[in-house]
Structure formats: structure tokens, C-alpha cells
Amino acid sequence: MTVDPTLGPSSFVILGIVAAAGPMTAYDLKGAIGRSVGFLWPFPHAQVYKETARLASQGLLAEEQEAGGRRRRRYAVTPAGRAALGAWLASPTHQPAQLRDPGLVKLAFASLASPGDLARLCEDQVREHRARLALYVGFADVPMDRFLRATLEFGLRHEELMAAGWERLRATLEAG
């Protein structure tokens, strides 16, 4: 089975979370993404609502709307959605990793910055990566499946590496 080219990574994030966690509203889905893969594949919250509706219109999610009250829509993965998710999981990943790090973009142009601005950039980046590291460490006792745990471990190592790299750069700059 081939992967549907109209489905992007965000589509599969939604299908994967709903398949793993069970039926949920788009609001619940936003929270689940924010507590899991949203750390490494962020996308706007409004896109969750748009994408769930699109996946439902394609028959990959089943949509059930409450009869009264807030009339929330609850989504569940259909057999076609599971098949699309399975095809995606089975397909090779040839795309390079996407690293969207504003600190590294600024560093690329650091020769145009003042020494003080560069020092502040290093300090800010050390602080940001240490904060993200602390956030990830906070998930250490949260129950999760072994593959989500492995994903968390990659995130921990990434943040440790980035914080250490910015600290080394800061020390090099201070040494002259």
C-alpha cells in the first residue's frame, strides 16, 4: 500500500494519537499533541480542527457530534485511517530531519551582531535548552509506551547536547 500524498506529517500525528488513545475531540487532541509529539512536531492549534475535519471528510476519521450541550465532535480512526497510518509507518523516511531552531538561525548571522548581543544569545539559548530539558525530565515518571519513552529519550539527549554546545560557545567567546 502506498502513502497518500495528500496526507502530511500533521495528518499522521492526528491519526496516530487517535489510534493510540481512542476517540477524542479536537480539543482533547490538542492537549494530547501538546503533551507528546508536539514537542518535536509543533503545528498551530487551529490546524488540529481543520485537519480533523479534512481527515473525516476523507473517511479516515469517523465523526460523531453530541446531540446537545456544546455539540462537540468526537473523532475515531476508521479502518481506512488505520490502513493509511499503517502504510505511512511501513514506508521509508527519506526526508531530512527538520530542525527549526531560531537560536541557530541567529547564530548563522552572528558575525553581524555585537559581542554583547552574541553573549546574550548564548545565555538565552543555554537557559531555553535547560528549561526544555527540565520539562522533559518532568515526564520521567509519566506512564507511556516504550516507543514514546524512546522518543522522550531522544528529546532529552538533544536538549543536553544543545545546552552543552551553547555553553561551549559561550566559554570560547569569553576566552577570546
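Read-outs throughout are calculated quantities, based only on the coordinates presented, and are distinct from any laboratory measurement. Keep in mind the model is a prediction, meaning the values are calculated, not measured. Heads up, the Cβs are rebuilt from the backbone with ideal geometry, glycines too, and the neighbour counts pull from every protein chain shown.
Here the range 9-90 is assigned +1 on the Cβ of each Lys and Arg and -1 on the Cβ of each Asp and Glu. Its dipole about the Cα centre then comes out at about 160 debye.
How many percent of the alpha carbon pairs in the range 102-175 exceed a separation of 21 Å? Write out the running numbers ahead of the final one.
Values: 964 of 2701 pairs.
Of all Cα-Cα distances in the range 102-175, 36 percent exceed 21 Å.
Charge dipole of the chain (Cα centre as origin; +1 on each Lys and Arg Cβ, -1 on each Asp and Glu Cβ, all else neutral): 420 debye, rounded to the nearest 20.
Roughly speaking, what is the centre-to-centre gap between the range 1-45 and the range 156-176 when only Cα atoms are used, to the nearest Å? So the separation of the two Cα centres works out to 33 Å.
Take each complete run of DSSP H in the chain, measure how far its Cα atoms stretch along the helix's own axis, and keep only those covering 20 Å or more with mean Kyte-Doolittle hydropathy at least -1.0; list them.
Values: long enough: 115-137 (33 Å, -0.46); 146-175 (43 Å, -0.23).
The answer, listed by residue number, is 115-137, 146-175.
Percent relative contact order of the chain, based on C-alpha pairs within less than 8 angstrom and at least six residues apart? Contact order relative to length: 20 percent.
Against the 2.2 N^0.38 Å scaling, with N counting residues, where does the chain land? I'd like the Cα-based Rg ratio to two decimal places. Can you show the working numbers first?
Working: Rg = 20.2 Å, N = 176, 2.2 N^0.38 = 15.7 Å.
For the chain, the normalised Cα radius of gyration is 1.29.
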